[in-house]
1. Looking at the stretch 70-91, is at least one residue under 17 Å from THR10 (Cα atoms) and touching a Cys at 6+ places or on another chain (Cβ under 6 Å)?
2. In the stretch 9-53, what residues are hydroxyl-bearing (Ser, Thr, Tyr) and in a helix (DSSP H, G or I)?
3. Only one of (1) touching a residue at least 40 places away in the same chain (Cβ under 8 Å); (2) in contact with a helix residue (DSSP H, G or I) (Cβ under 6 Å, 6 or more places away or on another chain); (3) surrounded by fewer than 22 Cβ atoms within 10 Å (Cβ to Cβ) is not met by ALA35, so which one is it?
4. So which pairs qualify, if the first residue must be in the stretch 133-159 and over 22 Å from SER36 (Cβ atoms) and of a type in the set (Ser, Thr, Tyr), the second must be assigned to a helix (DSSP H, G or I) and open to solvent by less than 40 Å² (accessible area, probe 1.4 Å), the Cβ gap must be under 8 Å, and the two must be at least 6 apart or on different chains?
5. Are there any pairs with C-beta distances below 7 angstrom linking a residue in the stretch 50-76 that is within 16 Å of VAL25 (Cβ to Cβ) to a residue that is among the small types (Gly, Ala, Ser) and open to solvent by less than 10 Å² (accessible area, probe 1.4 Å), with the two at least 6 apart or on different chains, and if so which?
6. Could you name every one of the helices (runs of 4 or more DSSP H) located completely within the stretch 59-166 that has at least 2 residues being of a type outside the set (D, E, K, R) and surrounded by fewer than 16 Cβ atoms within 10 Å (Cβ to Cβ)?
Amino acid sequence: MASTPDSSNTSLAGLAPVISPAIRVIVLGSFPGAASLAAGQYYAHPRNQFWRLISAVTGEDLAALPYAERLPRLLAHRIGLWDVLGACERKGSLDASIRNARANDFALLRERCPQLETIGFNGQASGKFAPQFAQAGFRTVVLPSSSPAHASMSYERKLEAWLALN
């Protein structure tokens, strides 16, 4: 039986890093979901809790701002955003569907973010990269995923863990 376009994985490229030389913390997701890729925005799915969680961490309601204003405000709190994967093949948005993954070039973080101390991993898939960052001398925090696919944990329990980024 021939493969239809709907049944094959699609080759995808991730989003550019949101970084500055002043960041002390970066949150690394696995790879943007379909809604985020379509919008060209980190955590664009309306049910993803990332912006609500990071708002609580920073003490500023970033979720209420238009996306274009969120990123500079996030950087003002010395927090960056990126993903562990720069490209992959995937159908849909689930991490379990990722194939032929290619990691981002993390040397970029050392070069461009000299004050970086803490790496937060948004979920278990990205958290698989924690040991290599810990070995490089970074403080690592594997966080419960902000994804709507990880709904078994309450927002309040997720927030408790996310506050470890401070």
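The values are calculated or read from the model by the stated rules, or taken from the named source; none is laboratory data. Quick caveat: nothing in here was measured; it's all calculated off a predicted structure. Glycine also receives a Cβ, built like all others from the backbone with ideal geometry; neighbour counts cover every protein chain displayed. Side chains included, ligands, DNA and RNA excluded: accessible areas come from the protein's heavy atoms. Shrake-Rupley method; radii C 1.70, N 1.55, O 1.52, S 1.80 Å.
1. Checking the stretch 70-91: not a single residue is under 17 Å from THR10 (Cα atoms) and touching a Cys at 6+ places or on another chain (Cβ under 6 Å).
2. Across the stretch 9-53, the qualifying residue is only SER36.
3. Here ALA35 clears every test but (2).
4. THR140/ALA130; THR140/PHE133
5. PHE50/SER146; LEU53/SER146
6. Ranges flagged: 67-76, 107-112, 130-135, 155-162.
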